[in-house]
Each structure stands twice: as structure tokens, then as C-alpha cells.
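First comes the structure, then the notes that go with it.
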């Protein structure tokens, strides 16, 4: 039987954000924007969705006089990401 895929992570951009954050301590908005090649508006919306779900934490600071948004994956986000990967494996395993 196929495992259910988390609909929140089953979005290309949200999955990309989570994939980046799972491998780093934190990442700022500009870095995520460069890595995902997303527009600022779309990235902002997707980060907000992940934050509201408790998958990432957001810290708003200043770097000099410039505002800076720093994102970090939460333990709940790490767990959800790992579960998502395991669910994907159940689909891939059916092909072998």
C-alpha cells in the first residue's frame, strides 16, 4: 500500500525550502531565494505556510540597517520531512 504524502510538502517550492533547511543550521531569505529561483512574493508565501505548520521557525533581524529573515527547520519539520521521504520510498519501491 502507498503511504500518504504530506500535502504541505508535496509542493515543489516548499519541498525545495525544506530540502535546503534540513542540511543547514539556518538560511536567510536571500539565500533561499537564490537557491530556489523563486520570486520574493512566492517564497514569502511558502515560508509563511511552513511556519504556520510549525515546520520552520522564522527570526526577523537586521543586518546593519537592512531587514533580514532567517529560517530554521524545527524538530517537527525534520520529522515531517523524514516521513515524507519514507512515503516517497514506498512509491519508488513499487516500481522495482
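The values are calculated or read from the model by the stated rules, or taken from the named source; none is laboratory data. Because the structure is a prediction, the values reported are computed rather than measured. With ideal geometry, Cβ positions are generated from the backbone for all residues, glycine too; neighbour counts draw on all protein chains shown.
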| said: Need pairs with beta-carbon distance below 9 Å; first residue free of Cβ contacts under 8 Å to residues at least 60 places away in the same chain and at positive phi and within the stretch 41-60, second surrounded by 14 or more Cβ atoms within 10 Å (Cβ to Cβ) and in a helix (DSSP H, G or I); sequence gap 6+ or separate chains. | reply: 54/77; 54/80
| field | Pairs with Cβ under 6 Å, 6+ apart, first in the stretch 9-30 and closer than 13 Å to residue 49 by Cβ, second in a loop (DSSP other than H, G, I, E, B) | value | 13/38; 15/9
| query | Of the residues that sit in the stretch 12-37 and are out of contact with any helix residue (DSSP H, G or I) (no Cβ under 7 Å at 6 or more places or on another chain) and under 17 Å from residue 87 (Cα atoms), which one is surrounded by the fewest Cβ atoms within 10 Å (Cβ to Cβ)? | reply | 12
| If you take the residues of the stretch 51-70 that are in contact with a helix residue (DSSP H, G or I) (Cβ under 6 Å, 6 or more places away or on another chain) and under 17 Å from residue 12 (Cβ atoms), which of them is surrounded by the fewest Cβ atoms within 10 Å (Cβ to Cβ)? | 56
| query | Can you name every residue in the stretch 31-55 that is over 11 Å from the mean Cα position of the chain (by Cα) and closer than 13 Å to residue 21 by Cα? | reply | 31, 33, 35
| query | Out of all the residues in the stretch 75-96, is one or more modelled with pLDDT of 95 or more and not in a helix (DSSP H, G or I)? | reply | no
